[in-house]
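Q: First the structure, then my questions, so here it is.
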Amino acid sequence: MIGERAALALLEKGLAYSKAQETDLYLSGQDLDLTRFAGNAIHQNVIHSNVVLNIRAVEGKRVGRATTNDLGDAGIQKAVDAARQAALLMPEDPDFLGLPEPSTPPQVASWDESTAHCSPGLRAGLVSGICALGKAEQLNTSGACRTGIQEQAVVSSRGVRAYHAGTFAGLIVTTRSDTAAGWAKGGSWRLSDVDTEALTREAVAKAIDGRDPLPVQPGPFSVVLDPYAVDDILEALSLYGMGAQAVQDGRSWMNDVLGTQAMHPAVTIWDDGSDTNGWPVPFDAEGMPRQRVDIVVDGTVTTPVHNSYTAGKEGISSTGHQSYFIGPPIASNLFMQEGDSSVEKMIASTERGLYITRFFYTRLVHNKGCVMTGMTRDGTFLIENGEISHPVKDLRFTQSYTGALAGVEAVGQETRLILNEVGFATKVPALKLSSFNFTGVTV
């Protein structure tokens, strides 16, 4: 970790090197400590640190970029010069209105000392308990426990100056027998929020209950989805259309449904980079405050998220959603409104359907409707007459995610925070959907 004073001083130094008309610099650093385990034993402890400096240089309507992790004086100057040279070679972009004016982001407390200073020994102790629970049930237990620090800083020639540091912790557990597998995942910016024993018992139960699965004929099924599967739905909706650039390019699932009730009224989705119930970062890669954006309200698709470029094209203000440095705007601290049901009630209300732990290897088929294909994994069960009758072999699906959310029948009363890679998080409930289209059975 560099720290606020050193990070901002480094960016100011880079700014002083620049000969461009306008310049901004974005620093992103991470210290990651990772303990991996397999076969009921720790097999690897990894410590990884990296700091990346991104430079954007502006010459009139031309924009150039450069990236480096060489933070010596010569390395910074070389990258700053490269960004300006790239700008001079670029064609003019008539939609580019210049770098954004400064706006003070809020201070968000997402730093936990015990997480920041978690030792390999402490993680090893947690993992030892996880492995013991799996071994007691004659299961092969594997996964990873991670802790770390992330910091971001932005400085620009327009006067932007911002810094944030936060901690993170996460656990993934997979349990396997000869014929079944279970899976659980948890995370927070506080390690103490991650209930390693509960997550392990969840994965163990799925592996035990899933033994000797039977095939089931593919087709449309009513489904009860654990939060892990709902996380996949929200992540796909974010990546393939919650950003304004995709909408402006005409390749978002939002394009044909903005302002309409495309989902069930029980569905409300928003992004809020300052909410400490998620994985908060209060400003984006341009230093703009990340505003709360209500993306879907009572089933009605309302608005995408913006960076300064997409907002400028529409004559509005940025919502503070510039991703990384060169990517499009993205919603990355997503929440779905909880309901009043539970997984047990959802199963009890289902005459015939499937209970699904998670989706795996999902890929976009078509932007319109956010049609995805993928597989179920690590615990799929047939529901008959309001009860789980037996485990089933995993199925492949092709399904519109927006269409699936139009058929919501129940929403869980509890939400789970799921931290994915590179600062993306969702806090989501379980869902019951009236119909989900399965196209084949996996081997």
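Q: How many of the residues in the stretch 241-270 are closer than 15 Å to GLY299 by Cα and of a type in the set (D, E, K, R)?
A: Of the residues in the stretch 241-270, the ones closer than 15 Å to GLY299 by Cα are 242, 253-254, 256-270.
Applying the additional criterion that residues be of a type in the set (D, E, K, R) yields 256.
Final tally of qualifying residues: 1.
Q: State which residue is nearest to ALA162 (Cα to Cα) when the search covers only the stretch 16-28 and only residues that are open to solvent by less than 40 Å² (accessible area, probe 1.4 Å) and over 27 Å from the mean Cα position of the chain (by Cα).
A: My answer is THR23.
Q: Hey, another quick one. Those residues that are assigned to a strand (DSSP E or B), among the basic types (Lys, Arg) and over 30 Å from GLN30 (Cα atoms), I need them from the stretch 53-105; list them, please. Show your work before the answer.
A: Step one: list which residues in the stretch 53-105 are assigned to a strand (DSSP E or B), which gives 53-59, 62-68.
Of the ones still in play, those that are also among the basic types (Lys, Arg) are 56, 62, 65.
Scanning the stretch 53-105 gives a single hit, ARG62.
Q: Counting only residues that are aliphatic (A, V, I, L, M), crowded, with 24+ Cβ neighbours inside 10 Å and not in a loop (DSSP other than H, G, I, E, B), how many does the stretch 239-257 have? Reasoning before the result, please.
A: First, the residues of the stretch 239-257 that are aliphatic (A, V, I, L, M): 239, 242, 244, 246-247, 254, 257.
Then keep just the ones that are crowded, with 24+ Cβ neighbours inside 10 Å; that gives 242, 244, 254.
Remaining after also requiring not in a loop (DSSP other than H, G, I, E, B): 242, 244.
Going through the stretch 239-257 one residue at a time, the tally reaches 2.
Q: Follow-up question, since we're still on this one. What about GLU92, is it charged (D, E, K, R), in contact with a Gly (Cβ under 9 Å, 6 or more places away or on another chain) and within 27 Å of GLN291 (Cβ to Cβ)? Even if it seems obvious, please write down each step before you answer.
A: On the way: charged (D, E, K, R): yes; in contact with a Gly (Cβ under 9 Å, 6 or more places away or on another chain): yes; within 27 Å of GLN291 (Cβ to Cβ): no.
Answer is no for this residue.
Q: Please list, ordered by first then second residue, the pairs with beta carbon atoms under 6 Å, 6 or more apart or interchain, first in the stretch 421-439 and closer than 14 Å to GLY170 by Cβ, second buried (at least 24 other Cβ atoms within 10 Å of the Cβ) and among the charged types (D, E, K, R).
A: Close Cβ pairs satisfying both conditions: THR426/ASP231.
Q: Starting from residues that are in contact with a Ser or Thr (Cβ under 7 Å, 6 or more places away or on another chain) and of a type in the set (Gly, Ala, Ser), keep the ones in the stretch 239-249 and report whichever is nearest to ALA184 (Cα to Cα).
A: So the residue we want is GLY241.
Q: Taking the stretch 206-238 as the search range and keeping residues that are farther than 30 Å from ASP272 by Cα and open to solvent by less than 40 Å² (accessible area, probe 1.4 Å), which one is nearest to the chain's Cα centre (by Cα)? Please lay out each step first, then the result.
A: First, the residues of the stretch 206-238 that are farther than 30 Å from ASP272 by Cα: 206-222.
So of that shortlist, the ones also open to solvent by less than 40 Å² (accessible area, probe 1.4 Å) come out as 206-207, 210, 213, 216, 219, 221-222.
Working: LYS206: 24, ALA207: 26, GLY210: 28, PRO213: 31, VAL216: 32, GLY219: 30, PHE221: 27, SER222: 26 Å.
Result: LYS206.
Q: Going by what's in this entry, would GLY386 be described as open to solvent by less than 20 Å² (accessible area, probe 1.4 Å) and closer than 20 Å to GLU344 by Cα?
A: On the way: open to solvent by less than 20 Å² (accessible area, probe 1.4 Å): yes; closer than 20 Å to GLU344 by Cα: yes.
So GLY386 fits the description; yes.
Q: Follow-up. Here are some residues: ASN420, ASN367. Which one is open to solvent by 50 Å² or more (accessible area, probe 1.4 Å), at negative phi and among the polar types (S, T, N, Q)?
A: On the way: ASN420 fails: open to solvent by 50 Å² or more (accessible area, probe 1.4 Å).
Being open to solvent by 50 Å² or more (accessible area, probe 1.4 Å), at negative phi and among the polar types (S, T, N, Q) holds for just one of ASN420, ASN367, which is ASN367.
Q: Another question, then. Hey, can you tell me all the residues within the stretch 347-367 that are of a type outside the set (Lys, Arg) and farther than 19 Å from ILE418 by Cβ?
A: To start, the set of residues in the stretch 347-367 that are of a type outside the set (Lys, Arg) comprises 347-351, 353-357, 359-362, 364-367.
ILE347, ALA348, SER349, THR350, GLU351, GLY353, LEU354, LEU364, VAL365, HIS366, ASN367 - these are the residues of the stretch 347-367 that are of a type outside the set (Lys, Arg) and farther than 19 Å from ILE418 by Cβ.
Q: Another question, if that's okay. Taking the stretch 45-64 on its own, how many of its residues are open to solvent by 30 Å² or more (accessible area, probe 1.4 Å) and more than 25 Å from the chain's Cα centre (by Cα)?
A: 3
Q: If I ask for residues that are at positive phi, open to solvent by 10 Å² or more (accessible area, probe 1.4 Å) and not aromatic (Phe, Trp, Tyr), which ones from the stretch 306-351 would you list?
A: Filtering the stretch 306-351 for residues at positive phi gives 315, 320, 324.
Remaining after also requiring open to solvent by 10 Å² or more (accessible area, probe 1.4 Å): 315, 324.
Listed by number, the list holds a single entry, GLY315.
Q: Something else about it: Here are some residues: THR362, THR426. Which one is modelled with pLDDT of 95 or more, of a type in the set (Val, Ile, Thr) and open to solvent by 10 Å² or more (accessible area, probe 1.4 Å)? Don't jump to the end; show me each part of the working.
A: Details: THR426 fails: open to solvent by 10 Å² or more (accessible area, probe 1.4 Å).
Checking each option against the conditions leaves just THR362.
Q: While we're on this one: Under the condition of being over 30 Å from PRO105 (Cα atoms), touching a strand residue (DSSP E or B) at 6+ places or on another chain (Cβ under 8 Å) and without any contact (Cβ under 8 Å) to a residue 60 or more places away in the chain, which residue from the stretch 129-172 is least open to solvent (accessible area, probe 1.4 Å)?
A: Once the filter is applied, the top-ranked residue is LEU171.
Q: Something else now. State all residues of the stretch 110-124 that are among the polar types (S, T, N, Q) and open to solvent by 20 Å² or more (accessible area, probe 1.4 Å); if no residue qualifies, say none. Step through it out loud before you land on a result.
A: Residues of the stretch 110-124 among the polar types (S, T, N, Q): 110, 114-115, 119.
Listed by number, the residues that qualify are SER114, SER119.
Q: Let me ask something additional. Restricted to the stretch 65-89, and to residues that are touching a residue at least 24 places away in the same chain (Cβ under 8 Å), within 30 Å of ALA311 (Cα to Cα) and more than 32 Å from the chain's Cα centre (by Cα), which residue is surrounded by the fewest Cβ atoms within 10 Å (Cβ to Cβ)?
A: LEU89
Q: Still on this structure, please answer the following. Do we find that ALA285 is part of a helix (DSSP H, G or I) and either without any contact (Cβ under 8 Å) to a residue 24 or more places away in the chain or open to solvent by less than 30 Å² (accessible area, probe 1.4 Å) (or both) in this structure?
A: Details: part of a helix (DSSP H, G or I): no; either without any contact (Cβ under 8 Å) to a residue 24 or more places away in the chain or open to solvent by less than 30 Å² (accessible area, probe 1.4 Å) (or both): yes.
In short, no.
Residues are listed down the side, and each one gets a yes or a no for (1) in contact (Cβ under 8 Å) with a residue 24 or more places away in the chain; (2) not basic (Lys, Arg):
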| site | (1), (2) |
| --- | --- |
| GLU12 | yes, yes |
| GLN21 | yes, yes |
| GLY29 | yes, yes |
| VAL46 | no, yes |
| ARG56 | yes, no |
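Q: Go over the candidates GLN44, GLN30 one by one and state the one that is farther than 20 Å from GLU286 by Cα and either part of a helix (DSSP H, G or I) or not basic (Lys, Arg) (or both). Lay out the reasoning, then the answer.
A: On the way: GLN30 fails: farther than 20 Å from GLU286 by Cα.
Sole residue among the options that is farther than 20 Å from GLU286 by Cα and either part of a helix (DSSP H, G or I) or not basic (Lys, Arg) (or both): GLN44.
Q: Filter the stretch 395-414 for residues that are open to solvent by less than 60 Å² (accessible area, probe 1.4 Å) and in contact (Cβ under 8 Å) with a residue 60 or more places away in the chain and give the result.
A: Pass one, the stretch 395-414, residues open to solvent by less than 60 Å² (accessible area, probe 1.4 Å): 395, 397-408, 410-412.
Residues satisfying the conditions are LEU395, TYR401, THR402, ALA404, LEU405, ALA406, GLY407, VAL408, ALA410, VAL411, GLY412.
The values are calculated or read from the model by the stated rules, or taken from the named source; none is laboratory data. In this text the structure is predicted, and so the values were computed from the model without any measurement. Here the Cβ is made from the backbone with ideal geometry for all residues, glycine too, and neighbour counts use every protein chain on show. SASA here: full protein model, heavy atoms, side chains in, ligands and nucleic acids out. Shrake-Rupley method; radii C 1.70, N 1.55, O 1.52, S 1.80 Å.
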